[in-house]
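Okay, so here's the structure we're looking at.
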Amino acid sequence: MASDSIHPSPVSYELRGKVLLVTIDNPPVNALGVDVRRGLAAAIEHADANDAVEAVLLVGAGRNFIAGADIREFGKPPQPPALPDVCNRIEACRKPVIAAIHGAALGGGLEVALGAHYRLAVAGAKLGLPEVQLGLLPGAGGTQRTPRLIGAEAALSLILSGRHASAQEALKLGLVDRVGASDDVLAEGLAYAQELLAAQAPARRTRDAQGLANREAAQAAIAAARADTAKKSRGLFSPMKIVDCVEAALNESFDDGLRFERKQFLECLDSPQRAGLVHAFFAEREVQKAPETKSATPRAINTIGVIGGGTMGAGIAVAALDAGLPVTMIERDDVSLARGRAHVEKVYDGLIAKGRMTADAKAQILARFSGSTSYDALAQTDLVIEAVFEEMGVKQAVFTELDRVCKPGAVLATNTSYLDIDAIAASVSRPQDVVGLHFFSPANIMKLLEVVVPKQVTADVVATAFELAKKLRKVPVRAGVCDGFIGNRLLAVYRAAADHVMEDGASPYQIDKAVRDFGFPMGPYQVIDLAGGDIGWASRKRRAATRDPNARYVQIADRLCERSWFGQKTGRGFYLYPEGARTGTPDPEVEAIIDAERERAGIKPRSFTDEEIIRRYMAAMINEGANVVHEKIALRPLDVDVTLLYGYGFPRYRGGPMKYADMVGLENVLADIREFAKEDPLFWRPSPLIVELVERGANFASLDQSA
Ligand code: 3H9
């Protein structure tokens, strides 16, 4: 074994007969940090210089080939050799280089393999160029070599989607030359190398491949991708650059194409979108590491109970069924149970109608589903999720029953969106087993799961909730008990800020558009119309008694609800939905109601620019996010970010509200809040956390890192 640096190199090489076996061993995923790049270049130098070497085999140690560039190096000063140079060096090797791929060969990892002369993959391999998901483009020759190897259309589809191809698909595309018969990647790779040597196979370079020979087809694919990207890439910076790079592959020499790609890559690397998306990548992994997941062992979860067959209960049941778990649904009578079951079936029938599921598959899934009107059916269930009407008395009655029937050690979860879970827990004899699992509608689709941790719960129950999230493929965020937990608590505040702006002069249509242009899929009033205005109305009425009489309260939504304009389901809300239309049109009558409300409140309307709207919307969101961290409801700012990204449509490329605050400068956010406070000091109270961070010259990221 040899290594060429003072520290043991993550890249080692040894001669196996005539083949130089080069192993990349850089846990956890063999990312291409500077030492790996140096090691790879050194190994190739060694191969060229050493007569005993006739071929080179690249393999990854552990579970992957190479997961890509080291994302943690982005934004730091570059250290040579750059990855494109390493890939070029591999390609220039005079002896055949073979990449044997298992696990992930993603981004720069696949680009290393494309620099090699032959590629083999074994079952379970995942090949792809996911850079677009990080706001980047393949920057180590990927945009030049891939279309040359597999044609422009297939290359564009791979690079623009960022998806992973299996070994078999990669073979079909021509991305690899063979799929190993076994999954022993080393044995398969060595055998392939021997075969190539025996056949005197040359060092065959991808830069010379002829995948773009049919120029017309390539041009058509590029034009189609350009048109599609213009339509779909919604404010994203890198997708159009990807199309430009593939076009350069068609029109320029390989070396000029590489230079063009490098320039585009560096522009992406410098963009705030890259910073936002990389933050999102790490944040969604960090949230999984709540303290309880380290300190406690989760309880076994093999069966799930769901109380309530409404939209939420049925969605949760589907999520659990999809994860392969048996589900028992409890409803109060046979009619309600039949309705609950129908809700569940409807989801699968929808998939069948779209051709995405067979009737057989549905039958197999539903074989795991059972229903009962008796709580006794839950006697042996490991974890029960209550999803009944949002009222403390109703919830406590359910928990009394669960307390009576469930076996010792069963986890008792509530899906409440804002009720006091400490009070629910206090109503049973085993508060240590009670936890909040706040799903988002539709529960089988939405990725966010707030794991709400009441005072008396034990760590292993919290760890169990995180384990369940993993099984359900949800992104769990740990939250403390308060009204609205993390997400809905922020929502209440930024919606109020939008209402203030509306009453002060902006139309709901302008506000929605400004919010959409910022990157949300929908504006706040579209969301209300979609969810049903009656839901918020009910909770406003419930809270009326406890509302601070001095706090500003905008009544416009109440005026619409009094007319039963609840949104899409009633054909009108803030928008009109003629004949069941799903996209609303502005309603002059709503505008007249808003005018009347302004007059009643004695407000002289003024105009707002979209930028002014967003500054208020974001300042409200960020300020409440800081309060939630300050009160330890959220562990770190990044937990707030993940909540908004996965539950509220916050644009991923902006990283989340707290990351956004850091990017615009916390001192600027504070200055905005103080300015707005001149008009409404009660609403715009700067969070003590923001004040403190600005005083110390720190930002939210510093809290993420120190937590
Ligand atoms: C690129 O390549 C640019 C080039 O074109 C041009 C350059 C010039 N770097 O996900 P997991 C960490 S852009 C650093 O939980 P899994 C991750 O944070 C890159 N760290 O495991 C985690 O750390 P921790 C293109 C990385 O088994 C640990 O590894 N490549 C990287 O569920 C385990 O990760 C990609 O975008 C990285 N590249 O999934 C691929 N990747 O334990 C990104 C992971 O401290 N990676 N980590 O929390 C993935 O998709 C998944 O990690 C993978 C494994 C499928 C590989």
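The values are calculated or read from the model by the stated rules, or taken from the named source; none is laboratory data. If you're wondering where the values come from, they're calculated on a predicted model, not measured in any experiment. Backbone-built Cβ (ideal geometry, glycine too); neighbour counts: all protein chains shown. Heavy atoms of the whole protein, side chains included, go into the accessibility calculation; ligands, DNA and RNA do not. Shrake-Rupley method; radii C 1.70, N 1.55, O 1.52, S 1.80 Å.
Things worth noting here:
- Here the Karplus curve 6.51 cos²θ - 1.76 cosθ + 1.60, taken at θ = phi - 60°, turns the phi angles of the stretch 199-211 into couplings of 8, 6, 5, x, 6, 9, 9, 4, 4, 9, 5, 10, x Hz, with x standing for Gly and Pro.
- Built amide H within the under 5 Å cut-off of Val452, gap 5+: Gly436, Leu437, His438, Ala479
- Probe 1.4 Å, protein heavy atoms only - accessible area per residue of the stretch 549-596 in square angstrom: 56
- Sequentially through the stretch 298-303, phi angles give Karplus couplings (6.51, -1.76, 1.60; θ = phi - 60°) of x, 6, 6, 10, 10, 9 Hz, Gly and Pro residues having no value and appearing as x.
- According to the Cα-based calculation, Rg over Rh for the stretch 303-485 is 0.95, with Rh computed by the Kirkwood formula.
- Taking the charge dipole of the chain about its Cα centre, with +1 at Lys and Arg Cβ atoms and -1 at Asp and Glu Cβ atoms, the residue from Ile385, Val515, Pro272 reaching farthest to the positive side is Ile385.
- Take the stretch 11-269 with all the other protein chains still there, run a 1.4 Å probe, and you get 40 Å² of accessible area per residue.
- Rounded percent of accessible protein surface that carbon and sulfur make up, the chain, 1.4 Å probe: 53
- Mean Kyte hydropathy of -0.5 or more with a Cα span along the axis of at least 24 Å, helices from DSSP in the chain: 215-232, 334-353, 487-504, 610-630
- For the stretch 273-330, applying the loop criterion from DSSP together with a ceiling of 16 other beta carbons within 10 Å to the trypsin sites (Lys or Arg not before Pro) yields Lys289.
- Centroid-to-centroid, using Cα positions, the stretch 241-292 and the stretch 347-372 are 39 Å apart.
- Convex hull volume per residue, computed on the Cα atoms of the chain, equals 186 Å³.
- Lysine pairs meeting the criterion (Cα under 26 Å, 8 or more apart or interchain), as found in the stretch 488-706: 6
- Here the chain is assigned +1 on the Cβ of each Lys and Arg and -1 on the Cβ of each Asp and Glu. Its dipole about the Cα centre then comes out at about 540 debye.
- Lysine pair count for the stretch 11-269 (Cα-Cα distance under 25 Å; residues 8 or more apart in sequence or on different chains): 10.
- Kirkwood-Stokes translational diffusion coefficient of the stretch 1-125, alpha-carbon pairs, 4 °C, 1.567 mPa s, µm²/s: 92
- Cα lying deepest toward the dipole's positive end in the chain, options Phe700, Cys93, Gly189, charges on Cβ: Gly189
- Accessible area of the stretch 320-443 divided out per residue, in Å², using a probe of 1.4 angstrom: 43
- Across the stretch 575-707, the volume of the C-alpha convex hull divided among the residues equals 150 Å³ per residue.
- Alpha carbon convex hull of the stretch 84-185, volume per residue in cubic angstrom: 84
- Taken about its Cα centre, the stretch 11-269 carries a charge dipole of roughly 480 debye when the Cβ of each Lys and Arg holds +1 and the Cβ of each Asp and Glu holds -1.
- For GluC sites (Glu not before Pro), the sites in the stretch 348-435 that DSSP calls loop and that have at most 14 other Cβ atoms within 10 Å are Glu391.
- MRE, 222 nm, helices only [DSSP H, n ≥ 4, -39500 (n - 2.57), over the chain, to nearest 500]: -15500 deg cm²/dmol
- Using the alpha-carbon positions of the stretch 321-412, Rg (one decimal) and Dmax (whole number) come out as 14.8, 44 Å.
- Converting phi to 3J(HN,Hα) with the Karplus coefficients 6.51, -1.76 and 1.60 and the offset θ = phi - 60°, the stretch 62-75 yields x, 8, 9, 6, 8, 7, x, 4, 7, 4, 5, 7, 4, x Hz in sequence order, with x at every glycine or proline.
- Farthest positive-ward along the stretch 488-706 dipole, Cα basis, beta-carbon charges - from Ala661, Met618, Phe566: Phe566
- Once the Cα gyration tensor of the stretch 11-269 is diagonalised, semi-axes √(5λ) in Å: 29, 19, 17
- Rounded to the nearest 20 debye, the dipole size of the stretch 303-485 about its Cα centre is 660 debye, using +1 on the Cβ of Lys and Arg and -1 on the Cβ of Asp and Glu.
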